[in-house]
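Input: a single structure, listed below in structure tokens.
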Amino acid sequence: MSRWIVCLPLMVSACATTTGTEPVAGPRLEMPRINTEVAGVKIVHESMSAPLTLPVPRAQAWNGLRAAFDSVGLTVRNRDEDAGILGSGNQTVNGRLKGVRLSRLLNCGTSRGLDNADFYEVEIVVTSQVTPVGDSATSLATAVQGWAKPRGTAGSNRLTCSTTGVLETRIAEIVRAAPA
């Protein structure tokens, strides 16, 4: 029995080792609170993944952010220009967002081999913030949250979706390319 007690912690720690190729969670950026309500549930964005620094001034990035939300099919419902925050609020999407399959943007699991994001009713909330970094650069942080349930069903049995990172990347590309 004592051999197993000694071996178990070694086996557990061996399972937890890393080769250095796995993704590592980046630091979190504390953000101003943004209150949003999704299907009667209040959501408070308090942090986002580490920001990207873009080589554009803040005013240009702000204009690019507004254009990015429009370009990817997000309706702006929360806007605080002084804080540099733009948010979609809750937005119901079925299958595609501006022509892009939702499974490219969100992972909501699968049912019978099909991506739930493509066939379920999805509530998506996207919030971005731009902040100046000196005179000629801006940091951009974006959070994407989603929940899915079978279409036409009532109730609160929703799946939590995770982001694939594609939407955040596309928003950053549009902001970076925004005209001066």
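Coordinate-derived values only; no laboratory data. Values in this document were obtained by computation on a predicted structure and should not be read as measured data. Counting neighbours? That spans all protein chains shown, and the Cβs are built from the backbone with ideal geometry, glycine included.
Structure above, values below:
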{"read-out": "Any hit, region 152-170, residues being hydroxyl-bearing (Ser, Thr, Tyr), surrounded by fewer than 24 Cβ atoms within 10 Å (Cβ to Cβ) and within 17 Å of ASN63 (Cβ to Cβ)", "value": "no"}
{"read-out": "Where a residue in region 56-68 is within 11 Å of GLU81 (Cα to Cα) and its partner, wherever it lies, is part of a helix (DSSP H, G or I) and of a type in the set (Ser, Thr, Tyr), with Cβ under 7 Å and at least six apart", "value": "none"}
{"read-out": "Filter result for VAL130 (surrounded by fewer than 22 Cβ atoms within 10 Å (Cβ to Cβ) and in contact with a helix residue (DSSP H, G or I) (Cβ under 6 Å, 6 or more places away or on another chain))", "value": "no"}
{"read-out": "Of all residues making up region 75-86, the number that are in contact (Cβ under 8 Å) with a residue 40 or more places away in the chain and touching a helix residue (DSSP H, G or I) at 6+ places or on another chain (Cβ under 8 Å)", "value": "2"}
{"read-out": "Of all residues in region 84-103 being more than 11 Å from THR127 (Cβ to Cβ) and of a type in the set (A, V, I, L, M, F, W, C), the one that is surrounded by the most Cβ atoms within 10 Å (Cβ to Cβ)", "value": "LEU102"}
{"read-out": "Count of residues meeting criterion [within 25 Å of ALA137 (Cα to Cα) and either under 16 Å from the mean Cα position of the chain (by Cα) or not β-branched (Val, Ile, Thr) (or both)] in region 53-111", "value": "31"}
{"read-out": "Residue in region 128-141 that is among the charged types (D, E, K, R) and more than 23 Å from VAL56 (Cβ to Cβ) present", "value": "no"}
{"read-out": "Candidate set: region 132-153, residues that are among the hydroxyl-bearing types (Ser, Thr, Tyr) and over 18 Å from the mean Cα position of the chain (by Cα); chosen: the one farthest from THR53 (Cα to Cα)", "value": "THR153"}
{"read-out": "Among (1) aliphatic (A, V, I, L, M); (2) in contact with a Lys or Arg (Cβ under 8 Å, 6 or more places away or on another chain); (3) touching a residue at least 60 places away in the same chain (Cβ under 8 Å); (4) crowded, with 20+ Cβ neighbours inside 10 Å - the single one ALA148 does not satisfy", "value": "(3)"}
{"read-out": "So LEU105, is it touching a residue at least 24 places away in the same chain (Cβ under 8 Å) and in contact with a strand residue (DSSP E or B) (Cβ under 6 Å, 6 or more places away or on another chain)", "value": "no"}
{"read-out": "Selected residue [surrounded by 18 or more Cβ atoms within 10 Å (Cβ to Cβ), of a type in the set (A, V, I, L, M, F, W, C) and more than 17 Å from ASP70 (Cβ to Cβ)] from VAL122, VAL175", "value": "VAL122"}
